[in-house]
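S.K.: Quick one: the structure is below, and I'll ask about it shortly.
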Amino acid sequence: MNKNQDWYNNYITGCLTFLDSIFNGGEITVENSKCEDSVNIIRSSGYINKLKINDSFSDGVDFDFSKLEIKDIVVENSGNDCADFSYGNYTVSNATFINCGDKAVSVGEKSKLKLKDFEINKTSYGIVS
């Protein structure tokens with residue numbers, strides 16, 4: 001097994017995964033997912049109009065190695081983090097995070113996040129970097 005194959009087999013953890021994608025608007029909605037990440041966006045760029053995630057087993061959305069602008073994010077009822085931003089540049093205009101099992105927003109591993117208007121309710125930790 002080569003290193004790339006190992007990476008794909010062991011680190012693609014989303015029920016819905018976007019890898020090396022370019023977004024040009026649109027909406028993504030996921031409900032009742034049973035994966036480590038409901039949505040996992042990796043090495044992608046562009047903008048997303050709306051991202052809505054309800055009832056996640058673990059993380060609502062996980063962003064890795066990307067450069068994205070998101071107009072609206074709504075994540076409700078995540079077993080772990082509602083939104084996890086790693087290794088990238090991210091701008092979120094409006095966000096609502098409700099009933100996150102751990103963190104509403106996790107920002108780490110050399111990431112930059114601009115989070116404008118947001119609401120956080122019923123979570124263990126609000127924003128952690």
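S.K.: Considering only residues that are polar (S, T, N, Q) and at pLDDT 95 or above, look in the stretch 18-37 and name the one that is nearest to the chain's Cα centre (by Cα).
M.R.: It comes out as Thr29.
S.K.: Which residue pairs have Cβ atoms under 8 Å apart, sit 6 or more places apart or on different chains, and have a first residue in the stretch 105-125 that is free of Cβ contacts under 8 Å to residues at least 40 places away in the same chain and a second that is charged (D, E, K, R) and outside any strand (DSSP E or B)?
M.R.: Listed by first residue and then by second, the contacts come to Val105/Asp81; Ser106/Asp81.
S.K.: Name the pairs: first residue in the stretch 12-32 and farther than 17 Å from Asp72 by Cα and among the hydroxyl-bearing types (Ser, Thr, Tyr), second residue assigned to a strand (DSSP E or B) and at pLDDT 95 or above, Cβ to Cβ under 6 Å, at least 6 apart or on different chains?
M.R.: Cβ pairs passing all conditions: Thr13/Asn40; Thr17/Asn40.
S.K.: On to the next question. Going through the stretch 40-53 one residue at a time, which ones are in a strand (DSSP E or B), closer than 18 Å to Leu19 by Cβ and open to solvent by 50 Å² or more (accessible area, probe 1.4 Å)?
M.R.: Once the filter is applied, which keeps residues that are in a strand (DSSP E or B), closer than 18 Å to Leu19 by Cβ and open to solvent by 50 Å² or more (accessible area, probe 1.4 Å), the stretch 40-53 yields only Tyr47.
The values are calculated or read from the model by the stated rules, or taken from the named source; none is laboratory data. No experiment lies behind these values; they were computed from the predicted model shown. Backbone-built Cβ (ideal geometry, glycine too); neighbour counts: all protein chains shown. Quick note on the areas: whole protein, heavy atoms, side chains included, nothing else; ligands and nucleic acids left out. Shrake-Rupley method; radii C 1.70, N 1.55, O 1.52, S 1.80 Å.
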